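Engineer: Structure provided below as structure tokens; questions to follow.
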Amino acid sequence: MKTEEEKREARLAYGKAWRAANLEKTRADDRARSKEPRRKEQARTHYAENIEVIRERDRQRYRADPAKKKAAASRYIEKHRKVVTERSRAYYTKNIETIRRKLKLYRRNNRDMIRRTVNEWRTNNPAKVVEYRQRRRARHVGASGSYRPSDWEALCYCYDNMCLCCGATHTPLTVDHIIPISQGGTNDLDNLQPLCQSCNSAKGVNTIDYRKW
Ligand SMILES: [Zn+2]
């Protein structure tokens, strides 16, 4: 005849074996249970009471395998993109002074590395370099109007992503101002046309509308 204690042990061992054999279901149950309000409250309290221990454990896990943690973070961001964007925007607005200070410090301490990275990017993205330079110039001379990058992409799409001057298609397209900014042209979409880089520089400060063929 088994004692009460032995029966209890047997029950526990049975439960443990069942959970091990049904890992997927066990985990699903755990997840569902963790969403109950009472459980959430418990978790929150536990987190608040042990925040230092938890943070230290997270740090150690990160140090043990940074790639794994980064991959998990990427998956999370991918899945909750909207929430993450809103949260980081709110954080940025709230902590703008601190962020600027830290950025400044970071730039000062990593000057050479940053310069190398930027130069590399410029070499690999000549069309973007031209585009950014134009935008900066437009702002500088106080050109009126503006366009959204998505509008620009739509415009290129309308023209089959083709240079309107030479007809090249498999080449990076640059933003050409039909009436150049320096001649009083605006930065609005109706003053823009896609040209390849060499046609864009050949056009120079002339006003030529390649949209009318
Ligand atoms: Zn061209």
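Every number in this text was worked out from the coordinates using simple rules, so none of it is lab data. The structure displayed is predicted, hence computed values, not measured ones. We place every Cβ from the backbone using ideal geometry, glycine too, and count neighbours over all the protein chains shown.
Engineer: Note down the Stokes-Einstein diffusion coefficient of region 7-114 in µm²/s, whole number, using a Kirkwood radius over alpha carbon pairs, 10 °C, and 1.306 mPa s.
Structural biologist: Calculated translational D: 85 µm²/s.
Engineer: Enumerate the aspartates and glutamates that Lys35 could reach by cross-link, defined here as Cα to Cα under 18 Å, with residues fewer than 8 away along the same chain left out.
Structural biologist: The reachable aspartates and glutamates, counting only those whose Cα sits under 18 Å from Lys35, are Glu24.
Engineer: Using 0.36 nm times the number of residues separating Glu120 and Thr169, minus their current alpha carbon distance, what extension gain do you get?
Structural biologist: Working it through step by step, the gained length comes to 15.1 nm.
Engineer: I need two numbers for region 126-203: Rg to one decimal and Dmax as a whole number, Cα atoms only, in Å.
Structural biologist: Spelled out, the Cα radius of gyration and Dmax of region 126-203 are 11.6, 33 Å.
Engineer: Moving to a separate point now. Given q = 0.09, 0.13, 0.14, 0.18 Å⁻¹, what are the Debye log10 I(q)/I(0) values for the chain, with equal point scatterers placed on the Cα positions and solvent ignored?
Structural biologist: Debye intensities relative to I(0), on a log10 scale: -0.70, -1.02, -1.10, -1.41.
Engineer: To continue, here is another question. With r as the distance between the Cβ atoms of Ser150 and Lys35 and R0 = 45 Å, compute the FRET efficiency 1/(1 + (r/R0)^6) and round to 0.05.
Structural biologist: Plugging the Cβ-Cβ distance into 1/(1 + (r/R0)^6) gives 0.75.
Engineer: Now for a separate question. Among Ala67, Ala90, Met113, which residue has its Cα positioned farthest towards the positive end of the charge dipole of region 1-126, with +1 placed on the Cβ of Lys and Arg, -1 on the Cβ of Asp and Glu, and the dipole taken about the Cα centre?
Structural biologist: With unit charges placed on the Cβ atoms, the residue in question is Met113.
Engineer: Here is a further query. Quick one: in region 50-109, what % of C-alpha pairs are over 16 Å apart?
Structural biologist: So the pairs more than 16 Å apart make up 67 percent of the total in region 50-109.
Engineer: Given +1 on the Cβ of Lys and Arg, -1 on the Cβ of Asp and Glu, and no further charges, what dipole in debye does the chain carry about its Cα centre, rounded to the nearest 20?
Structural biologist: Once rounded to the nearest 20, the dipole reads 1060 debye.
Engineer: Hey, another quick one. Taking the Cα centre of region 1-125 as origin and charging only Cβ (+1 Lys, Arg; -1 Asp, Glu), how large is the dipole, in debye to the nearest 20?
Structural biologist: 860
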